[in-house]
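Below is one structure, written out as structure tokens; comments come after it.
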Amino acid sequence: MLNVSALCLVYIWCKMKQIDLNNYKLITQMDLISSKRKLIDALNVAALLSVIGSCAIGLVLNYCLRMLGAPGGMYFVYSFCGFVLCVVYIYLHELTHAAGIVLTTARKPKIKFGKFVASCGSDDIIFSKSKYFFVASLPLIFYCILLIPACVFLPPLYFPLVFMPLCYNVFGSMGDVYMIHQVVSSPKRSVVIDKGTELCIYVPINTN
């Protein structure tokens, strides 16, 4: 009962804190999949190479340092399962963003899974800088907290099951980190609309 009351209070508070853009002006608009910028392609390539490299190095080191001489058949099977969990993580990542948006704004965002990019956002949900930082960084921080201890304490045979999604979490969040940097670097009283692959930053009209 107490948890339900707390959620209701959060919902009411979020509704009261909604921002009206009538007194704001657009200062930055970034489209990650714009044909002019091709930023999403660069981020995808960098993330993919980083994930492949880190997974390969981590799995080999784990086997050589903790399992040398043990049969490698099941280790290969668990490595394949780790790859499958990386695919599952793509969906969990966006769902975690969505959960953060619901918690901070009491609004339901749109989740899209495209050919080259997955995204979570909305055309009419407005964030303060602090709320945007929380939402954008939530998957990276949450899954690092969850998976890093698991990498340390799980038996080495099961290491791929948590290490591979961890690598995907860290390097697959490059787009989020880029967006966070843009928002953090904006003026103090900025507000943000994240449409998923397009970021719009607004400042009050009376801001110099």
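Ranked from largest to smallest solvent-accessible area, with a 1.4 Å probe on the protein heavy atoms, M67, M174 come out as M174, M67. Ordering of 191-200, 53-62 by packing is 191-200, 53-62, highest average first (other Cβ atoms within 10 Å, averaged per residue).
If you take the square roots of the eigenvalues of the alpha-carbon gyration tensor of the range 149-208 and sort them as a ≥ b ≥ c, do you get rounded (a/c under 1.5), prolate (a/b over b/c) or oblate? Don't jump to the answer; show the numbers that get you there.
Numbers: a/c = 5.48, a/b = 3.47, b/c = 1.58.
Prolate shape, in that a/c is at least 1.5 and a/b is the bigger ratio.
Loop-located chymotrypsin sites (Phe, Trp or Tyr not before Pro) in the range 55-151 (DSSP state other than H, G, I, E, B) with a sparse environment of at most 13 neighbouring Cβ atoms within 10 Å: F116.
Classify the range 86-144 from the C-alpha gyration tensor, please: rounded if a/c falls under 1.5, else prolate or oblate depending on whether a/b exceeds b/c. The shape class here is oblate.
Once you sort the root eigenvalues of the Cα gyration tensor of the range 47-202 as a ≥ b ≥ c, which label holds: rounded (a/c under 1.5), prolate (a/b larger than b/c) or oblate (the other case)? Kindly include the intermediate steps, with their values, before the conclusion.
Working: a/c = 2.70, a/b = 2.48, b/c = 1.09.
Because a/c hits 1.5 or more and a/b exceeds b/c, the range 47-202 counts as prolate.
In order along the range 122-127, the phi-based Karplus estimate (6.51 cos²θ - 1.76 cosθ + 1.60, θ = phi - 60°) of 3J(HN,Hα) comes to 7, 6, 10, 9, 10, 10 Hz; Gly and Pro are listed as x. Counting only protein chain heavy atoms and rolling a 1.4 Å probe, the accessible areas of R189, R66, R107 rank, largest first, as R189, R66, R107.
The values are calculated or read from the model by the stated rules, or taken from the named source; none is laboratory data. In this text, all values refer to a predicted model and were calculated from it rather than measured experimentally. Please note: Cβ atoms are built from the backbone with ideal geometry, for glycine as well, and neighbour counts cover all protein chains shown. The area values use the complete protein model at the heavy-atom level, side chains included, leaving out ligands, DNA and RNA. Shrake-Rupley method; radii C 1.70, N 1.55, O 1.52, S 1.80 Å.
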